[in-house]
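Notes follow the structure.
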Amino acid sequence: MTDTSSNKMWGGRFAAGPDAIMEAINASIGFDKRMAAQDIAGSRAHAAMLAATGILSDSDAEAIREGLLTILSEIEGGKFTFSAALEDIHMNVEARLKDLIGEPAGRLHTGRSRNDQVATDFKLWVRDQLDAADAGLNALMQALLGQAEAGADWVMPGFTHLQTAQPVTWGHHMMAYVEMFGRDQSRFRDARARMNESPLGAAALAGTSFPIDRDMTAQALGFDRPSANSLDAVSDRDFALEFLSAASICAMHLSRFAEELVIWSSAQFRFVALSDRFSTGSSIMPQKKNPDAAELIRAKVGRIFGANTALMMVMKGLPLAYSKDMQEDKEQVFDAADNLMLALAAMEGMVRDMTAQRDNLAAAAGSGFSTATDLADWLVRVLGLPFRDAHHVTGTLVGLAEKQGCDLPDLTLAQMQGVHDGITNDVFDVLGVQNSVNSRMSYGGTAPAQVRAQVARWKDKLA
């Protein structure tokens, strides 16, 4: 027996209902029910506008409003039964509305289409995620500022190629991530400003002959303005792609930081101690404390990158305006948003709880000839050597120290003068790690004074 229950939603064009396979591939209610609150908000705004313009009677509008509020309460209370036969959240809500209020429910869809309806719902949902990501980044940056302020003058090795390069401060390293996540925050905010135009009223693709007021619905839903082209309004998914693009870059930054936390918390580094709340043990090795939260954050980036690529592939070959392919937009975005917010929250928790091992950081900062560049700079600044000559002298001294099995500050003055007779005892002042970081007073440098200035700037900015 063929189920024809969904024919009524499609109208009289179809003589027979879809079979089970068609229903399965066509239905989106399994995932787009997440947009129920946005769908109902859009319908309430649309009904109020229809009444204000005289397209809908006040009594019908009031019945629709009350019915929609009842449906929202049922959904939020877990008492709503979703039907795959009704395809999507829009038809599920409309069918339930008809059960509740009868004939007036059929007038709600006047002057709109599922095409502009789904675009509006999806925009509202993505806008909420942009705001959530903004707030999540703010919390993470506040946690990083706390770490940076506490360790503004704690020395640690700075790396290039994961090899000791020059000493920096813990605060400076933390502030590097504040800058990175600050750019992420600005990308989410830029995307929000650009996407904040209402598709509602674009109808199927060409607009409508009803005298609707699109400015009214745009304002009611918090949009800055209605979209200016109905074809573009229903076919646009740039807002979702921008969210995924910004989310991908943000996830990449989270992954880079997670990688450092994995390295830093290892027995070979011991730069940080992660709290038990964000670590796990081993089923066989009792000594293990694994940085699983950091590792999982590092892995989340693959899902978010994948979502971005998948939606780009969905959209790349579509003609204007709406195609059913676009039903494949939401699951990718839903999954990416869930995983981004989880990663942001986990990283914030780890940053707030982690303890920098100051003594270990300081010991590592002085190893690996980390002040070699300071020596070269001294040779230029004090002895007037061309930098390339100073670089050669310093390299020779590094080679000598390696042969002696010591670091640069451990060489004697006589040994240094054997390489260049102009070197004086004053050189040892620049070979100290703390002196090195204190000297880096250029704007954006690692000197504690510069770090504290940047902490203050970001505190004001985030406030």
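Which ³J(HN,Hα) values in Hz, rounded to whole numbers, follow from the phi angles of region 261-266 under the Karplus curve 6.51 cos²θ - 1.76 cosθ + 1.60, where θ = phi - 60° and Gly and Pro get x?
For region 261-266, the Karplus curve yields 5, 4, 5, 5, 8, 6 Hz.
In whole Å, how far is the Cα centre of region 395-437 from that of region 322-384?
32
Mind listing the long-range amide H neighbours of ALA152? Cut-off is under 5 Å, sequence gap 5 or more, other chains count too, H placed in the peptide plane at 1.01 Å from N.
Placed amide hydrogens put GLY171 under 5 Å from ALA152.
Share of region 366-453's accessible area from carbon and sulfur, percent, 1.4 Å?
Working: 2370 of 4510 Å².
The computed percentage sits at 53.
For region 158-165, just list the computed ³J(HN,Hα) in residue order, Karplus coefficients 6.51, -1.76 and 1.60, θ = phi - 60°, integers in Hz, with x standing in for Gly and Pro.
Karplus-based 3J(HN,Hα) across region 158-165 equals x, 10, 10, 6, 6, 10, 4, 10 Hz.
Which far-off residues, 5 or more places away or on another chain, put their amide H under 5 Å from the one on ALA165, with H placed in the peptide plane?
Answer set, sorted by chain and number: GLY158, PHE159, THR160.
If Lys and Arg each add +1 and Asp and Glu each add -1, what is the summed charge of the other residues whose beta carbon sits under 14 Å from the beta carbon of ASP213? Spell out each step's value before the answer.
Values: positive: ARG112, ARG214, ARG225; negative: ASP215.
For residues surrounding ASP213, the net value is +2.
Restricting to DSSP H runs of at least four residues, report the calculated mean residue ellipticity at 222 nm for the chain, -39500 (n - 2.57) per run over all residues, nearest 500 deg cm²/dmol.
Working: 20 runs with 284 residues, N = 463.
Calculated at 222 nm, the ellipticity per residue is -20000 deg cm²/dmol.
Taking the chain as the reference, fit the longest principal axis to its C-alpha atoms, fit the long axis of helix 89-101 to the helix C-alpha atoms, and give the angle between the two in degrees, 0 to 90, nearest 10.
Roughly 40 degrees between the two axes.
Among GLY222, TYR177, VAL382, whose Cα lies farthest out toward the positive end of the dipole of the chain, if unit charges sit on the beta carbon of Lys, Arg (+1) and Asp, Glu (-1)?
VAL382
Lys/Arg Cβ at +1, Asp/Glu Cβ at -1, dipole of the chain taken about the Cα centre: which of ASN435, PRO167, ALA84 is farthest positive-ward?
Selected residue: ASN435.
Please give the helix 292-315 orientation as an angle from the longest Cα principal axis of the chain, in degrees from 0 to 90, rounded to the nearest 10.
Value to nearest ten degrees: 50.
Kindly provide the GluC sites (Glu not before Pro) of region 144-244 that DSSP labels as loop, not H, G, I, E or B, and whose Cβ sees at most 16 other Cβ atoms within 10 Å.
Numbers: sites: GLU149, GLU179, GLU197, GLU242; in loops: none.
The qualifying sites: there are none.
Once you charge only the Cβ atoms, +1 for Lys and Arg and -1 for Asp and Glu, what is the size of the charge dipole of the chain about its Cα centre, to the nearest 20 debye?
Values: 43 positive and 58 negative charges, 45 e Å.
It comes to approximately 220 debye.
Pop out the ³J(HN,Hα) list for region 36-50 in order, Karplus 6.51 cos²θ - 1.76 cosθ + 1.60 with θ = phi - 60°, rounded to Hz; leave Gly and Pro as x.
Residue by residue, region 36-50 yields 4, 4, 5, 5, 5, 4, x, 5, 5, 5, 5, 5, 4, 5, 4 Hz.
Compute the accessible area per residue over the chain, keeping the other protein chains in place, probe 1.4 Å, unit Å².
Value for the chain: 46 Å² per residue.
Name the long-range amide H neighbours of ASN290: under 5 Å, sequence gap of 5 or more, or other chain; modelled H, no Pro or chain starts.
Placed amide hydrogens put THR280, GLY281 under 5 Å from ASN290.
The values are calculated or read from the model by the stated rules, or taken from the named source; none is laboratory data. Bear in mind the structure is a predicted one, so any value in this text is a computation, not a measurement. Because the Cβ atoms are built from the backbone with ideal geometry, glycine has one as well, and the counts that use them run over all protein chains shown. What goes into the accessible areas is simple: the full protein's heavy atoms, side chains included, and nothing from ligands, DNA or RNA. Shrake-Rupley method; radii C 1.70, N 1.55, O 1.52, S 1.80 Å.
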